[in-house]
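Working notes for the structure below.
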Amino acid sequence: MSNATTTSGLTFDIQLSTQRKTPQERAEILQSPGFGNVFTDHMVTIRYSAEKGWYDARLEPYGPLSLDPATSVLHYAQEIFEGLKAYRHPSGAIATFRPDANAARFNRSAARMAMPALPEDLFLGAITTLLEHDGDWVPTQADASLYLRPFMISTDVGMGVNRPSQTYLFILIASPSGPYFSGGIKPVTVWLSEDFTRAAPGGTGAAKAGGNYAASFLAQAQAVEKGCDQVVWLDALEHRWVEEMGGMNLFFVFGSGAEARLLTPELTGTLLPGITRDSLLKLAPELGIPVEEGRLSTEEWRAAALSGELTEVFACGTAAVITPVAHVKSAQGEFRIGDGEPGPVTMRLREELVGRQYGTVADEHGWVHVFG
């Protein structure tokens, strides 16, 4: 047992697993890890109480949690999470991409769900501690990474609903992940959902809360029934303004070549403010591609695609980075985007973003945090 770096007055207590995978076992897993199927040897936990604040920070063996059946998260869904990745750079160093932005969004989600803020240095310290001990789990093959999942749950025991929980548990786990697109980048077909709503004004749409995803499963199942890969969410009031795709933000490319420009739905409180989205808002103008945050209706989407004014559409997020959209279906019919293949703007933005993440393109923004 040893101690790690002290952050916010807390020292991470290190309790190493006695059942760590051997280098050979780990190498076999990393050859084809899938996504979210296997996990590293350790996890980080930090506890909170209204009386003590944050306390008992530790790295411990990955394993099951023991919860009382009356634990509040199981009944009232006070839970938030984040998603980010660790990448292997050509030098062999391990890097994360904009973890400070994830820490800030984590706390915005916490505020909306009446949960305590986690000091940013504790969030980053948890990542550093886990990577110090499980860094060998970061894959070396192209387009692979170590997916990091920080989350927080309420842990009060009891059925009262007159106030939020007074105790919480923060956990960080990690899962090696292969390329999201095993056979190359595949454009998707989407279903415009008019029967279901992801979020309404004043709701929790801007928070990365588990309940938002549970509420999306039925609409996603409907999309699959319609022969689509993903659901596209529309606004809750009129069911005509485009918001996001599944758990990813959308971008629309108008024009081509030097005349290409981008439009992405504006943040209204019902959309998740994606970190990949924010990164592209900064990168695109630097590449000479104007970008605007605004509104786009389903009627405008269809008309622009049919006229050829709209040339490309893509979604973006941590898991798949950038996903081209080729075909759109709805109760009113269907239409195709461009020639149905990934477009040049989509692929250029993906190349620039991935290059920074994997250390093959210079990071002029200070977004990359290198460990070791």
> Can you tell which of ALA320, ALA315 is under 30 Å from LEU146 (Cβ atoms) and touching a Gly at 6+ places or on another chain (Cβ under 8 Å)?
Replying inline: ALA315
> Based on what the data block shows, is ALA200 assigned to a helix (DSSP H, G or I), small (Gly, Ala, Ser) and open to solvent by 40 Å² or more (accessible area, probe 1.4 Å)?
Replying inline: no
> Any idea how many residues of segment 13-39 are of a type in the set (S, T, N, Q), free of Cβ contacts under 8 Å to residues at least 12 places away in the same chain and either crowded, with 16+ Cβ neighbours inside 10 Å or closer than 30 Å to ALA320 by Cβ (or both)?
Replying inline: 1
>> I'm told SER175 meets every condition in (1) polar (S, T, N, Q); (2) assigned to a strand (DSSP E or B); (3) open to solvent by 10 Å² or more (accessible area, probe 1.4 Å) except one. Can you identify the failing condition by its number?
In response: (3)
> Counting only residues that are touching a residue at least 60 places away in the same chain (Cβ under 8 Å) and assigned to a loop (DSSP other than H, G, I, E, B), how many does segment 338-372 have?
Replying inline: 9
>> When the residues of segment 72-113 are narrowed to those that are crowded, with 21+ Cβ neighbours inside 10 Å, outside any helix (DSSP H, G or I) and among the polar types (S, T, N, Q), which ends up farthest from the chain's Cα centre (by Cα)?
In response: SER72
> Within segment 114-127, how many residues are open to solvent by 10 Å² or more (accessible area, probe 1.4 Å), without any contact (Cβ under 8 Å) to a residue 40 or more places away in the chain and in a helix (DSSP H, G or I)?
Replying inline: 1
> Does LEU146 meet the test of being within 17 Å of the chain's Cα centre (by Cα) and open to solvent by less than 20 Å² (accessible area, probe 1.4 Å)?
Replying inline: yes
> If you check GLU334, GLU300, which single one turns out to be under 25 Å from THR189 (Cβ atoms), open to solvent by 50 Å² or more (accessible area, probe 1.4 Å), without any contact (Cβ under 8 Å) to a residue 24 or more places away in the chain and in a helix (DSSP H, G or I)?
Replying inline: GLU300
> If you take the residues of segment 44-66 that are loosely packed, with under 13 Cβ neighbours inside 10 Å and hydrophobic (A, V, I, L, M, F, W, C), which of them is farthest from the chain's Cα centre (by Cα)?
Replying inline: ALA50
> Can you name the number of the only condition in (1) modelled with pLDDT of 95 or more; (2) farther than 14 Å from THR129 by Cβ; (3) not in a strand (DSSP E or B) that LEU16 fails?
Replying inline: (2)
> Do we have any residue at all in segment 133-147 that's part of a helix (DSSP H, G or I) and either under 27 Å from GLY205 (Cα atoms) or among the aliphatic types (A, V, I, L, M) (or both)?
Replying inline: no
> Say we look at segment 54-64 and pick out the residues that are in contact (Cβ under 8 Å) with a residue 24 or more places away in the chain and either part of a loop (DSSP other than H, G, I, E, B) or of a type in the set (Gly, Ala, Ser) (or both); which of these is farthest from ARG108 (Cα to Cα)?
Replying inline: TYR62
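The values are calculated or read from the model by the stated rules, or taken from the named source; none is laboratory data. Given the structure is predicted, the values throughout are model-derived calculations rather than measurements. When we count neighbours, we look across all protein chains shown, and the Cβ atoms used for this are built from the backbone with ideal geometry, even at glycine. Side chains included, ligands, DNA and RNA excluded: accessible areas come from the protein's heavy atoms. Shrake-Rupley method; radii C 1.70, N 1.55, O 1.52, S 1.80 Å.
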